[in-house]
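Taking it in order: structure first as structure tokens, then the write-up.
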Amino acid sequence: MSFFEKLKAGMSKTRKNISEKINVVLSAFTRVDEDLLEELEETLILCDLGVSTSTAAIEKLRSRIKLERIKDVSEVKKALKEILLELVDFEEKEEHFPKIILIVGVNGAGKTTSIGKIAHVYKEQGKDVMLAAADTFRAAASEQLTIWADRAGVPIVKYGEGHDPAAVVYDAIDSCKSHGRDLIIVDTAGRLHNKVNLMNELGKISRVIDREYPEAEKETLLVLDGTAGQNALFQAREFANTVHVDGIILTKLDGTAKGGFVLAIKEELGIPVKYIGVGEGIDDLQRFDPKDFVDSLID
Ligand code: GDP
Ligand code: MG
């Protein structure tokens, strides 16, 4: 299966939901008028694009219809698709190595699983990757990460439960410097309910990185459960208020029809989606490609 076919398969529930709803609306109208736009706006909201994204999209569509004098309902779909793409499109920055990626998010969001998948992605690109088990809050966390390190075939730095997470990161940096590795991916504990602890912990890890590894590019990715809908948005705001977030990994899109949510994130939070998770296997993570994503949703 190609990347795009996998994406389509993984997003099949969302794709069915959005495509069907939009087609139903479009086929009910013979004229391009305000009623059609209102129905479309409602549909986008129903497809989990969120109110502000849906309103913004329809506003753009309205101006475009005027500007290009669109009279044909079939042309509306094409225009809508292009507008949705504009909403999620972002300029991909060039990556530099060595690099260190901090993975944050609440428990159960899919952090550890996503780390295994990301390690696999970079390993396939020929990068020398190492994992750091800085979720020392629960013993099971580093065991689970070890399983993913084995699956991806990459080394891991881990200590027992209750150890200082920043010390784990320190050791990982040390090992990467002496082995000339390219990338460290750090698993962290997801204690959102204790904001002070979370901030202290992530702050301490960040300071270790800044002090010991200033030459490395630092990226913080927030993992969100794609099935959580508006609640995920709430979590994202909380995290973004606590730490600087560079990008989002949206997981479990295979299990939901609410994947339209992906389109709302950038408009709502101003943070781009970097990866999407479409299954539990090591290959089930994709670099988010705005064009492929929109193409996979609306045909
Ligand atoms: P963490 O607590 O944030 O580290 O979350 P985990 O990585 O332990 O994942 C929690 C659960 O979500 C596990 O059962 C994973 O298999 C599952 N999971 C993670 N990502 C995905 C995904 O993209 N699709 C599906 N279907 N399940 C996922
Ligand atoms: Mg975990």
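The values are calculated or read from the model by the stated rules, or taken from the named source; none is laboratory data. The model shown is predicted, which means the values in this text are computed figures rather than measured ones. Neighbour counts are summed over all protein chains in view; Cβ atoms, including those assigned to glycine, are modelled from backbone coordinates with ideal geometry. Heavy atoms of the whole protein, side chains included, go into the accessibility calculation; ligands, DNA and RNA do not. Shrake-Rupley method; radii C 1.70, N 1.55, O 1.52, S 1.80 Å.
Of the residues making up the stretch 135-157, those that are modelled with pLDDT under 95 and either surrounded by 15 or more Cβ atoms within 10 Å (Cβ to Cβ) or of a type in the set (Ser, Thr, Tyr) (or both) are Asp135, Thr136, Phe137, Ala141, Ser142.
Residue by residue, here is whether (1) open to solvent by 40 Å² or more (accessible area, probe 1.4 Å); (2) of a type in the set (Ser, Thr, Tyr); (3) touching a Ser or Thr at 6+ places or on another chain (Cβ under 7 Å) holds:
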| position | (1), (2), (3) |
| --- | --- |
| Asn17 | no, no, no |
| Lys21 | yes, no, yes |
| Ala28 | yes, no, no |
| Val32 | no, no, no |
| Leu61 | no, no, no |
| Glu68 | yes, no, no |
| Asp72 | yes, no, no |
| Val88 | no, no, no |
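Within this structure, Ala79 fails the test of being open to solvent by less than 10 Å² (accessible area, probe 1.4 Å) and within 16 Å of ligand 2 (Cβ to nearest atom).
Is it the case, given these coordinates, that Arg237 is out of contact with any Lys or Arg (no Cβ under 9 Å at 6 or more places or on another chain), open to solvent by 80 Å² or more (accessible area, probe 1.4 Å), part of a helix (DSSP H, G or I) and more than 14 Å from ligand 1 (Cβ to nearest atom)?
Working: out of contact with any Lys or Arg (no Cβ under 9 Å at 6 or more places or on another chain): yes; open to solvent by 80 Å² or more (accessible area, probe 1.4 Å): yes; part of a helix (DSSP H, G or I): yes; more than 14 Å from ligand 1 (Cβ to nearest atom): yes.
Yes, satisfied.
Going residue by residue through the stretch 214-226, is there one that turns out to be more than 15 Å from Gly110 (Cα to Cα), open to solvent by 50 Å² or more (accessible area, probe 1.4 Å) and in a helix (DSSP H, G or I)? No, there is no match, as no residue in the stretch 214-226 is more than 15 Å from Gly110 (Cα to Cα), open to solvent by 50 Å² or more (accessible area, probe 1.4 Å) and in a helix (DSSP H, G or I). Any residue in the stretch 262-272 that is part of a loop (DSSP other than H, G, I, E, B), open to solvent by 40 Å² or more (accessible area, probe 1.4 Å), farther than 20 Å from Gln144 by Cβ and more than 16 Å from ligand 2 (Cβ to nearest atom)? Yes, the conditions are met somewhere in the stretch 262-272. Restricting the stretch 273-299 to residues that are in contact with an Asp or Glu (Cβ under 7 Å, 6 or more places away or on another chain) and open to solvent by 10 Å² or more (accessible area, probe 1.4 Å) leaves a set whose member that is farthest from Val245 (Cα to Cα) is Gly279. Got at least one residue in the stretch 34-46 being open to solvent by 50 Å² or more (accessible area, probe 1.4 Å), under 21 Å from the mean Cα position of the chain (by Cα) and β-branched (Val, Ile, Thr)? Checking the stretch 34-46: at least one residue is open to solvent by 50 Å² or more (accessible area, probe 1.4 Å), under 21 Å from the mean Cα position of the chain (by Cα) and β-branched (Val, Ile, Thr).
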